[in-house]
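A.B. asks: The structure follows.
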Amino acid sequence: MTSDSSTGGSKHIENELRRIYILVTCLCIFMFVWIVFVPATAFVNRPQNPGWRDRLRSETDQQVNILPRGLLTKYEGETLVAFTHIIPAVVWVMAIPLQFHPMIRKKYRKFHRFLGRVFVLTSFLLMIGFVVILQRGLSFENYLVGVEPVVIPGTMVSWNDAFLYVLACFFLYFAIRAVGSAKRSEFHSHQFWMIRHCSCGLWVIVQRILSVITSVVYNLMYGRVPAPDHMRGKVFFYLGLVAVIISVIIGEYTISLLKMEGKRKAM
């Protein structure tokens, strides 16, 4: 391999990693805005004092004709969900760009370690809120009129909830493996596991974006004609499935680039 081709390959990897970092940062900023500003789902636990955001959420929820009802308003009055899932999600998404920024990791190691501990604790807190959400019947399936959740034979657990529980287990498993690698000073392995951990959470943001795009396209094609609820449920479920696939592919592609970069540096 010539020096020029090696340099070109390294530059390509560097550019690809930079693009992925920018993409992920944009996703995190999108979710931060979604939670804190518009539609501000962090503040739905105060229905007794409605403001312009509450009216916007309610009006938007009523105008969505292809997605399940209540997606923006179902957490109204759910204070426990707000403090165990929604607000911790703000910390989680905004920590990601800081934790994966190369300069911050190298130059501010104490801050990186401190924020890493907060990040992992937040991950576990998020999953407590996730369990609360499912146990209180706040998943989208329970907002489909005339449509019963499809349960696993012999159980009371729906296929959708089972799918989410599996993702949650991977979410925590990858975080635990990342912590273990860090304790053993296996920093490359730590980074790989943490990327997989993030992939198991960032899909939610991708689903939000796909949902917005789908709603806009549907309204342009069919106007105010509401879709039947069974179709709404299927659309939202498959948007989530596609979002998971996209998130996992990006994560694994990032890991493959980092491994290639490591091999080039070792040569």
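The values are calculated or read from the model by the stated rules, or taken from the named source; none is laboratory data. The structure displayed is predicted, hence computed values, not measured ones. We place every Cβ from the backbone using ideal geometry, glycine too, and count neighbours over all the protein chains shown. Note: areas computed on protein heavy atoms with side chains; ligands, DNA, RNA excluded. Shrake-Rupley method; radii C 1.70, N 1.55, O 1.52, S 1.80 Å.
A.B. asks: For PHE170, indicate whether it is open to solvent by 90 Å² or more (accessible area, probe 1.4 Å), part of a helix (DSSP H, G or I) and either of a type in the set (Phe, Trp, Tyr) or within 19 Å of HIS85 (Cβ to Cβ) (or both).
C.D. replies: Answer is yes for this residue.
A.B. asks: Can you name the condition, by its number, that LEU80 falls short on among (1) part of a loop (DSSP other than H, G, I, E, B); (2) open to solvent by 50 Å² or more (accessible area, probe 1.4 Å); (3) modelled with pLDDT of 85 or more?
C.D. replies: With respect to (1) part of a loop (DSSP other than H, G, I, E, B); (2) open to solvent by 50 Å² or more (accessible area, probe 1.4 Å); (3) modelled with pLDDT of 85 or more, LEU80 is out only on (1).
A.B. asks: Name the residue, out of SER10, SER58, that is polar (S, T, N, Q), outside any loop (DSSP other than H, G, I, E, B), over 21 Å from the mean Cα position of the chain (by Cα) and modelled with pLDDT under 75.
C.D. replies: Matching residue, one of SER10, SER58: SER58.
A.B. asks: Another question about this same structure. Given the criterion open to solvent by less than 20 Å² (accessible area, probe 1.4 Å) and assigned to a helix (DSSP H, G or I), identify the matching residue among ALA243, ALA227, ALA182.
C.D. replies: ALA243
A.B. asks: Return the only residue of LEU126, LEU202, LEU138 being in contact (Cβ under 8 Å) with a residue 60 or more places away in the chain, in a loop (DSSP other than H, G, I, E, B) and touching a helix residue (DSSP H, G or I) at 6+ places or on another chain (Cβ under 8 Å).
C.D. replies: None of the other options fit; the residue is LEU138.
A.B. asks: Would you be able to tell me the number of residues in the stretch 215-224 that are open to solvent by 40 Å² or more (accessible area, probe 1.4 Å) and either closer than 15 Å to GLY240 by Cβ or in contact with a helix residue (DSSP H, G or I) (Cβ under 9 Å, 6 or more places away or on another chain) (or both)?
C.D. replies: Summing the residues that are open to solvent by 40 Å² or more (accessible area, probe 1.4 Å) and either closer than 15 Å to GLY240 by Cβ or in contact with a helix residue (DSSP H, G or I) (Cβ under 9 Å, 6 or more places away or on another chain) (or both) in the stretch 215-224 gives 2.
A.B. asks: A further question follows. I'd like the residue in the stretch 83-119 that is under 25 Å from VAL24 (Cβ atoms), among the aromatic types (Phe, Trp, Tyr) and in a helix (DSSP H, G or I) and, out of all such residues, is most open to solvent (accessible area, probe 1.4 Å).
C.D. replies: PHE114
A.B. asks: Only one of these conditions is not met by PHE192: (1) buried (at least 17 other Cβ atoms within 10 Å of the Cβ); (2) in contact (Cβ under 8 Å) with a residue 60 or more places away in the chain; (3) in a loop (DSSP other than H, G, I, E, B). Which number is it?
C.D. replies: Unmet condition: (3).
A.B. asks: Within the stretch 120-151, how many residues are open to solvent by less than 40 Å² (accessible area, probe 1.4 Å) and not small (Gly, Ala, Ser)?
C.D. replies: Of the residues in the stretch 120-151, 12 are open to solvent by less than 40 Å² (accessible area, probe 1.4 Å) and not small (Gly, Ala, Ser).
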